[in-house]
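The values are calculated or read from the model by the stated rules, or taken from the named source; none is laboratory data. Everything numeric in this text was worked out from a predicted model, so none of it was measured. Backbone-built Cβ (ideal geometry, glycine too); neighbour counts: all protein chains shown.
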Amino acid sequence: MEAFTTHTGRAVPLRRSNVDTDQIIPAHWLKKVTRDGFEDGLFEAWRRDPEFVLNDPRREGATVLVAGPDFGTGSSREHAVWALQNYGFAAVISSRFADIFRGNSLKNGLLTVVLPQAAVDALWQAVEADPATEITVDLVAREVRCGSFREAFELDDNARWRLLEGLDDISLTLRQEDDIAAYEAGRPSFKPRTLTA
Amino acid sequence: MGRTLAEKVWDDHVVRRAEGEPDLLYIDLHLLHEVTSPQAFDGLRKNGRTVRRTDLTIATEDHNTPTLDIDKPIADPVSRTQLETLRRNCADFGVRLHPLGDDEQGVVHVVGPQLGLTQPGMTVVCGDSHTSTHGAFGALAFGIGTSQVEHVLATQTLPMAPFRTMAVTVTGELPDGVTAKDLILAIIARIGTGGGQGYVIEYRGEAIEKLSMEARMTICNMSIEAGARAGMIAPDETTFAYLDGRDHAPQGTEREAAVEYWRTLRTDDDAVFDHEVVIDATELAPFVTWGTNPGQGAPLSASVPDPGSYEDPSERYAAEKALEYMGLTAGQPLREIAVDTVFVGSCTNGRIEDLRAAAAVIQGRTVADGVRMLVVPGSVRVSLQAVAEGLDKVFTAAGAEWRHAGCSMCLGMNPDQLAPGERSASTSNRNFEGRQGKGGRTHLVSPQVAAATAVTGHLASPADLATTDAAQPVGV
Ligand code: SF4
């Protein structure tokens, strides 16, 4: 997982609430065998509408998604996070995220930033007024900046540390190699093995 | 204070415990199938990691596999790719795989127990929610997501926040003709599809102790349908006897040591559960679902409920939507619901006892005109055993189709699907909209009810057949 310290990019204002994971990535994409290639499935149904914000050429290359409240509800599919990342998003800003989606994001290095709705409104206005507007998400300082706009956000120390260091759960657990090996040494010999030596 | 069974198994697997962090748990057995593993193996490749314990890992093909013409190439290219990917991944990483055509192939939750790999006091995970099945042995078994599959492959551990504990105590004995499936459907109807959220459920009491291992698996399998992370049953002599002689069960002095440990896996008398539910087994009867979630069920003798009878507005709304989707009207007797298809199989009811039970009902009878009955053994071993006992002949003589092992119509990821508007009586575990095929309508039932339903063409129990048979001259 890549370390996340600070990120600056143009934004997509998604003025919708309760965006569930079925809308983020529809179920028929789940037969795929890769973690990539989901970008075309992202918001697939909505993208059929030429007016949908993602279809606006001025939003091309944007990397920050500014969404309405309750983003990522519904099924636990991790494919929703992969689709956002595959498309190019590095951070999602919303006033409220579904728990499982947030957990999955953290596992994949997609930063989810919780800001008060008033701040989300301010960002929407700024990036709608000028699509070239850039938003900076600064994890070191734990704040979001956009022109003269500046708003602090919270993220627990453990999660922040893992993102800053680019540590996925696996790298972290691998640091406990000694503990794992010690546990293994004490496992009873009657426990089954799938391979016969 | 004493500990519950679930807490004992948990405590025995803590690799590392630190303030402000989730416990790091060791995983004894990791089961894989083709749908949820490809991205996990990819992650390993990308980071140059290996599978830490190939000797605690096993894979089988089940969700996408066809149940006909298994010697021919798989027609659906997407399904074929998922299977080929699993084969390549297992070969590359040294994981034992039972592919289509192998004698040990089958639904992942049927394969683990029949090999003797699922044992009391283990932690068992799989990228599949019905991993709860393995809890029947007194194992702590739960489904995980794809990142967690990768985590277990790489480290054989998982960071986990603790569960809460719930006891479901089933007092008394199940009446004749009432099965484990009826019991678990009744339990889910009672506690609701979200009632188990955040809990590990321990099933206990006289009725549970009397159940066979296979019946216990049926119970634990559907724990997830009550929203629970896992279901467990304390191991006892029934468990030990089931394991004896299986490929991977301990033998000799190893067995003695194992059994000594397994006997400690009981909830202490002074342990306290976070929540308790008591069910009186003697009041139960054959149970079927009428709606689109597994909690929407009723005794077969009842009628389709009136949505207006629900006080809770969201339940009322759910019932209205369900009746609409299912094409049913309030007050319609459940026994009068006619079906097009009967499916016997899945990790809930695709084991040998289930096939024997269904065969016993259908023996000497015939599947009703216009009804299609599919019998899909949960694994190749189950299939071979059934053939050895002549059960396949019983089914085919009655007009049923005898198929190859796999998940099949449980979720219709292979060609076995309901057509839009078609109605099934199914021994599987989920009656969600479209689960068995787009627009398909599913009634969850026991194997006995499935077989009786196939004979009459509408939802029925074996007891209903006895009266019909008696009323008809022999030979008609
Ligand atoms: S039989 Fe059904 S529930 Fe069981 S693993 Fe297969 S698809 Fe899932």
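Structural remarks
- Test result for B:T50, surrounded by fewer than 24 Cβ atoms within 10 Å (Cβ to Cβ), among the hydroxyl-bearing types (S, T, Y) and over 30 Å from B:L5 (Cα atoms): yes
- Selection status of A:F43, under 26 Å from A:E128 (Cα atoms), within 16 Å of the chain's Cα centre (by Cα) and of a type in the set (A, V, I, L, M, F, W, C): yes
- Residue count for the stretch A:150-197, restricted to those that are more than 7 Å from chain B (Cβ to nearest Cβ) and of a type in the set (V, I, T): 1.
- Within the set B:D69, B:D23, B:D12, the sole residue that is on the phi > 0 side of the Ramachandran plot, more than 16 Å from the ligand (Cβ to nearest atom) and more than 8 Å from chain A (Cβ to nearest Cβ) turns out to be B:D69.
- Considering the stretch B:397-420, and only residues there that are at pLDDT 95 or above and farther than 25 Å from B:E61 by Cβ, the residue that is surrounded by the fewest Cβ atoms within 10 Å (Cβ to Cβ) turns out to be B:A397.
- Criterion: at positive phi and at pLDDT 95 or above - qualifying residue of B:G350, B:G331, B:G297: B:G331
- Residue within the stretch B:26-39 that is over 22 Å from A:P192 (Cα atoms), more than 10 Å from every other protein chain (Cβ to nearest Cβ) and of a type outside the set (V, I, T) present: no
- Of the criteria (1) within 15 Å of B:P120 (Cα to Cα); (2) buried (at least 24 other Cβ atoms within 10 Å of the Cβ); (3) not charged (D, E, K, R), which one B:H248 fails: (2)
Each row is one residue, and each column tells you yes or no for (1) more than 14 Å from chain B (Cβ to nearest Cβ); (2) out of contact with any Pro (no Cβ under 6 Å at 6 or more places or on another chain).
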{"position": "A:V66", "(1), (2)": "yes, no"}
{"position": "A:P69", "(1), (2)": "yes, yes"}
{"position": "A:T73", "(1), (2)": "yes, yes"}
{"position": "A:N86", "(1), (2)": "no, yes"}
{"position": "A:S105", "(1), (2)": "no, yes"}
{"position": "A:C146", "(1), (2)": "yes, yes"}
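- Residues of the stretch B:179-220 satisfying the condition of being small (G, A, S) and farther than 17 Å from B:P299 by Cβ: B:G192, B:G194, B:G195, B:G196, B:G198, B:G205, B:S212, B:A215
- In the stretch B:124-167, the residues that are within 16 Å of the ligand (Cβ to nearest atom) and part of a strand (DSSP E or B): B:V124, B:V125, B:C126, B:A141, B:F142, B:G143
- Any hit, the stretch A:120-138, residues being of a type in the set (D, E), crowded, with 20+ Cβ neighbours inside 10 Å and under 17 Å from A:A3 (Cα atoms): no
- In the stretch B:135-152, the residues that are closer than 22 Å to B:D92 by Cα and more than 9 Å from chain A (Cβ to nearest Cβ): B:V149, B:V152
- For the stretch B:77-96, the tally of residues that are away from the ligand (no atom under 16 Å from the Cβ), surrounded by 20 or more Cβ atoms within 10 Å (Cβ to Cβ) and within 11 Å of another protein chain (Cβ to nearest Cβ) stands at 2.
- Elements of type helices (runs of 4 or more DSSP H) contained in the stretch B:189-249, each with 1 or more residues being among the hydroxyl-bearing types (S, T, Y), touching a helix residue (DSSP H, G or I) at 6+ places or on another chain (Cβ under 6 Å) and within 16 Å of the ligand (Cβ to nearest atom): B:213-221
Matching residues to (1) within 16 Å of the ligand (Cβ to nearest atom); (2) within 17 Å of the chain's Cα centre (by Cα); (3) not in a loop (DSSP other than H, G, I, E, B):
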position: B:A75; (1), (2), (3): no, no, no
position: B:D102; (1), (2), (3): no, no, no
position: B:V110; (1), (2), (3): yes, yes, yes
position: B:T118; (1), (2), (3): yes, yes, no
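- The stretch B:45-66, subset away from the ligand (no atom under 16 Å from the Cβ) and either in a loop (DSSP other than H, G, I, E, B) or small (G, A, S) (or both), residue modelled with the lowest pLDDT: B:N47
- Restricting attention to the stretch B:4-37, the residues that are crowded, with 22+ Cβ neighbours inside 10 Å and assigned to a helix (DSSP H, G or I) total 3.
- Enumeration of residues in the stretch B:140-170 that are small (G, A, S) and either within 22 Å of B:T50 (Cα to Cα) or surrounded by fewer than 24 Cβ atoms within 10 Å (Cβ to Cβ) (or both): B:G143, B:G145, B:S147, B:A154, B:A161, B:A167
- For B:S379: the one exception among (1) exposed (fewer than 15 other Cβ atoms within 10 Å of the Cβ); (2) of a type in the set (S, T, Y); (3) touching a strand residue (DSSP E or B) at 6+ places or on another chain (Cβ under 8 Å): (1)
- The strands (runs of 3 or more DSSP E) located wholly in the stretch B:257-363 that include 1 or more residues which are among the hydroxyl-bearing types (S, T, Y) and closer than 29 Å to B:G231 by Cα occupy B:287-289.
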